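Report on the following structure.
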């Protein structure tokens, strides 16, 4: 028994069990592989504007590859300081209506995914979790000027709210979240998730619009009341920066217009019940978009330089 305890990857605080008087939702937001546009990270930071107490701590040293994702540290004149250690924790949060939920945040484990899944199972069973809801984001060839699309998934089909846009089987690289959903289902615990589609030309910057879509969905499926006012202000500011850049750069604007045509053709075909394939028109490739938006990303990082050039 002592050996089992020493090998545990998670420590649940002693008094956490006493607080779980009724079933709660565990919201999961891991940064790393499935976090295009920092959508899950921004969503989690919004939920953590008022931080609740930590009720479970994972052994990051056993899960994190420090050489692949080196934590930042400050060099001050002649010494190192302010080392930012990675943390993977569960906090007990309160929504805008005062209802309790749990939030698991931190870096996606680099190794020991099976051990991580067992550790989350311990959290679920000790803290009275009745469902896990995961947030994630992937880059897609979609325009930022159209409604944000989402893909739902769950280990119980009854938890998925709407029909899937994906048909057949799609083989994709795995993730700790994907394995966790499978394992929790095998252990009889409900887990569902939502993946937001982020325009791939803004996938390397923070894109609050995607974070809002994630939180809106979590609010619906988990009955969590989330005040999104401040996040909507950030999204409007980001949208304005993108619009201003497109106004100044016709070649980049043409790329976005091509994506808009592709998007509109696809959704028009869906509405009419006709073929979902667009007309045989030349559309921008991923290489075209990536090359033309290198300047775009640099421009957003240096707005003063942009003003000087104007």
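Where a number appears in this text, it was derived from the coordinates with a stated rule and is not lab data. Fair warning: this is a prediction, and the values are worked out from it, not measured in the lab. Cβ sites come from the backbone with ideal geometry, for glycine too, and all protein chains shown count toward neighbours.
Here are the numbers:
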quantity	calculated
Antiparallel DSSP beta bridges within the stretch 95-252, percent to nearest 5	35
Global form of the stretch 2-227, assessed from the alpha-carbon gyration tensor, a/c cut-off 1.5	rounded
Cα gyration tensor, the stretch 152-230 - rounded (a/c under 1.5), prolate or oblate	oblate
Ascending count of other beta-carbon atoms within 10 Å, so fewest first, for 232, 131, 112	232, 112, 131
Rounded to 5, the percent of DSSP beta bridges in the stretch 2-227 classed as antiparallel	50
Alpha carbon centroid spacing (whole Å) that separates the stretch 69-145 from the stretch 205-230	16
For 75, 266, 116, order by how many other beta-carbon atoms lie within 10 Å, fewest first	75, 266, 116
Burial ranking of peptide ranges 42-53, 193-204 (average Cβ count within 10 Å, highest at the top)	193-204, 42-53
